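Below is one structure; the comments refer to it alone.
The values are calculated or read from the model by the stated rules, or taken from the named source; none is laboratory data. Nothing here was measured: the structure is a model prediction, and the numbers come from that model. Heads up, the Cβs are rebuilt from the backbone with ideal geometry, glycines too, and the neighbour counts pull from every protein chain shown. The accessibility values were calculated without ligands, DNA or RNA, using every heavy atom of the protein model including side chains. Shrake-Rupley method; radii C 1.70, N 1.55, O 1.52, S 1.80 Å.
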Amino acid sequence: MEVKISRMRTRCTVFVLKYLEVDDYKYEFRNMSVSFDKALLSLRGLSLGDAFGEQFFNPRSRELIPSRQLPEGVWDWTDDTAMAISLVEVLRDFGVIVQDELSQRFAQRYRLEPNRGYGGGAHFLLTQMEKPGDWRRLSSQLFAGGSYGNGASMRVAPLGGFFAGEPERAAFEAQKSAVVTHFHDEGQAGAMAVAVAASLAGSDRQFHFYEFLSYVLECIPDSLVKKKIELASEIQPGNLSEAISKLGTGKQVSAQDTVPFCLWCAANNLYDYEEALWQTVSGLGDCDTTCAIVGGIVALSAGSLPPEWLKRRESLPDI
């Protein structure tokens, strides 16, 4: 069933009323200014993590990890941030994920800056998405059954911020956002897990490690991603070497090899952005994406970002 939306504008605040039930949910008025502020905070945290993690593909920067010295120079962000910006713009304009609109914004931003580090599958998809709705054919055909890569997960944390405190709703909208490029169930499950984690992090309550991961597990479907998050919940907080060996750190660029480690790092450090990112990057692997995911989640629970780090990150466009 398609969700119908009516809008009422009052000065600077947009309220969205969705008055049809979808999958047993009935949603009430939403204060879009509050939701959007949290989405922007998560986007800033995601982009900072993305740009930070990208520096450590350079072997010289890896030497800085034990002493926790920040890499010099400007930290450029990558496709993780570019796609997250498009997602946030759709939430700003519609209050929900509108899949045709999201696919077109992904493609438009890709055409403007195709050298942001997009993977091969993304290059193929985004060059072929010429019309709204093209994603329905293209996404399912990619890799003969759809992608289970980590691309839908890397961009989705701001959606969880937008639906802060509504983890089930965040999971629902995250799946809608994922299928545009990731038709495989694992690719969608990864995005749902990250969005739920961000929704919890952006809520008003505080969580300890096990409680946080337990809530995430309640909101995602059976999958390899879920099994490995269950495994993550059994690894003692702080046991980084075991987390790396059992969960993976994104070297396979799959959702199931990326998201569980990210949620383990985030759950360990929900209220310390810098510690969360240093622990995450210590796992190396696909470190721009792992740091983007963790950064987008922990920005919401920590509530602020380190100014010295922000000075180094490439500026974001106005949104």
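You will find that of ALA276, ALA302, the residue that is in contact (Cβ under 8 Å) with a residue 12 or more places away in the chain, open to solvent by 20 Å² or more (accessible area, probe 1.4 Å) and closer than 19 Å to GLY202 by Cα is ALA302 and no other.
Considering only residues in region 269-295 that are assigned to a helix (DSSP H, G or I) and in contact with an Asp or Glu (Cβ under 8 Å, 6 or more places away or on another chain), the one that is nearest to SER199 (Cα to Cα) turns out to be GLY295.
Only a single item in (1) open to solvent by less than 50 Å² (accessible area, probe 1.4 Å); (2) closer than 29 Å to PHE36 by Cα; (3) part of a loop (DSSP other than H, G, I, E, B) is not met by PRO221, and it is number (1).
GLY120 falls short of the stated requirement of being touching a Ser or Thr at 6+ places or on another chain (Cβ under 8 Å) and not aliphatic (A, V, I, L, M). Tally up the residues in region 36-81 that are free of Cβ contacts under 8 Å to residues at least 40 places away in the same chain and within 21 Å of SER199 (Cα to Cα), please. Final tally of qualifying residues: 1. Scanning region 140-177 for residues that are in a loop (DSSP other than H, G, I, E, B), within 21 Å of VAL98 (Cβ to Cβ) and open to solvent by 20 Å² or more (accessible area, probe 1.4 Å) gives ALA164, GLU166.
Can you name every residue in region 224-264 that is buried (at least 22 other Cβ atoms within 10 Å of the Cβ), in a loop (DSSP other than H, G, I, E, B) and of a type in the set (Gly, Ala, Ser)? Within region 224-264, GLY250, ALA255 qualify.
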